[in-house]
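Notes for the one structure printed next.
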Amino acid sequence: MSVGAGDPPPQHDAGVAVGVPPGSSDAGTDDILVRVDNLVKYFPIRSAELFRRTVGQVHAVDDVSLTIRRGQTLGLVGETGSGKSTLARCIAGLIPVTSGRVWFEDRQITNLSRRKMQPFRREIQMIFQDPYGSLNPRRRVGSIIGEPFAIHGLASGADRKRRVQELMERVGLNPEHYNRFPAEFSGGQRQRIGVARALALRPKLIICDEPVSALDVSIQAQVLNLLADLQDDYGLSYLFIAHDLDVVRHVSNSVAVMYLGRLAEVGPKAPIYEAPRHPYTAALLSAAPAADPESAAQRQRIILVGDIPSPINPPSGCRFHPRCPKARDLCAEAEPALEPRLGDPDTHLTACHFPIEAGESLAAAGRRETP
């Protein structure tokens, strides 16, 4: 039976909702803002012939389920090409979904028409990675930030200008610079313009697609502090995508690790960082730079073999098995379920047949496998 836009969301096992912080009860769903159920997004590959036949598919996102809680931040990490940005754009309704469902406040918003999706545009906004490319260089800043008011018919004239200047002041920009062009601002200031634009309609969810990766380290801290202040003031929820694991640890309540279109591990940030179960999560953490030289010297670096496989023809079974130091025959034959492992609570889920046990050295396992 098909699920319509007005149908209630499907019932789930209360113990396995993704993105649940430690100590919280999952008995109710009132605090769930976004639920993604078995989301799949494939991009067709067309031939160069006249009729452009479909000759293959890019498996960008493959059967991903997660939740985002009200007023909290879910960090999404993984290598380039793992499907993070595609997943974010599917949640925001910017690209159509191949299959699966996206629920926003118990309302199904998957593949809605532009007209039906417009009310949800006020509730879901995005901050993009490139503060240079995400702003129209031919439009003045006041026009850029005020465009959401114009599109939704919420303010015009002097009222719109007043609201825009209030937003500029709230994000740390000089309201007197209302008529300047983006080229007259620094990179950090341009990203603040993007934050102000996303905040204009007072959304409930802001998707941050690597919002600080293009900025200097000192400016990164300022933007992150701004996002944290806005979350406290307005009760915002964030889906925060980043490569920098230290940044994700700083801003997130829960963390989801993606690899080649699928979730490898997900749960509250403390167990993910302190006791990762999936070998891919452990490898990512071992590669993160350490500010303390002594900690960096004691850390055992896990070197993965080879490159991330092609999403056009992903490996069978566990998609990480060609690079995993713990891989066995079962890993190539059967896809591991995303579930609690080694006695972990229902909030910490891992997709691995042979998860890392306490005290196990994955770096040593990798050296043993190296010929």
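Read-outs: derived from the displayed coordinates by stated rules, not from any lab. Fair warning: this is a prediction, and the values are worked out from it, not measured in the lab. So basically every Cβ, Gly included, is an ideal-geometry build from the backbone, and we count neighbours across all protein chains shown.
A few remarks follow.
- Counting only aspartates and glutamates at least 8 places from LYS204 when in the same chain, those with an alpha carbon closer than 17 Å to its own are ASP30, ASP31, GLU105, ASP106, GLU123, ASP229, ASP232, ASP233.
- Positive-end extreme of charge dipole, the chain - chosen from GLY306, PRO355, SER286 (charges on Cβ): GLY306
- Helix-only CD estimate at 222 nm, as mean residue ellipticity for the chain, using -39500 (n - 2.57) per DSSP H run (n ≥ 4): -9000 deg cm²/dmol
- When peptides 175-181, 194-200, 106-112, 253-259 are ranked by their average number of other Cβ atoms within 10 Å per residue, the highest-first order is 253-259, 194-200, 106-112, 175-181.
- Contact order relative to length of segment 135-288, as percent, for alpha carbon pairs under 8 angstrom and 6 or more apart: 17
- Residues whose amide H lies under 5 Å from that of GLY56, counting only those 5 or more places away or on a different chain, are ILE45; hydrogens are built 1.01 Å from N in the peptide plane.
- Taking the chain as a Gaussian network of alpha-carbon nodes connected by springs under 10 Å, the highest mean-square fluctuation of the residues ALA48, ALA183, ALA287 belongs to ALA48.
- The alpha carbon gyration tensor of segment 173-221 gives principal lengths a ≥ b ≥ c with a/c of 1.5 or higher and a/b no greater than b/c, which makes the shape oblate.
- Along principal axes, Cα extents of the chain, largest first, whole Å: 69, 57, 53
- Within the straight-line cut-off of under 15 Å between alpha carbons, the aspartates and glutamates reachable from LYS161 are GLU147, GLU169, GLU176, sequence neighbours fewer than 8 places apart in one chain being disregarded.
- Dipole check for the chain: with +1 at the C-beta of Lys and Arg, -1 at the C-beta of Asp and Glu, and the Cα centre as origin, the magnitude is about 1580 Debye.
- Within the straight-line cut-off of under 17 Å between alpha carbons, the aspartates and glutamates reachable from LYS84 are ASP37, ASP62, ASP63, ASP130, ASP209, GLU210, ASP244, GLU265, sequence neighbours fewer than 8 places apart in one chain being disregarded.
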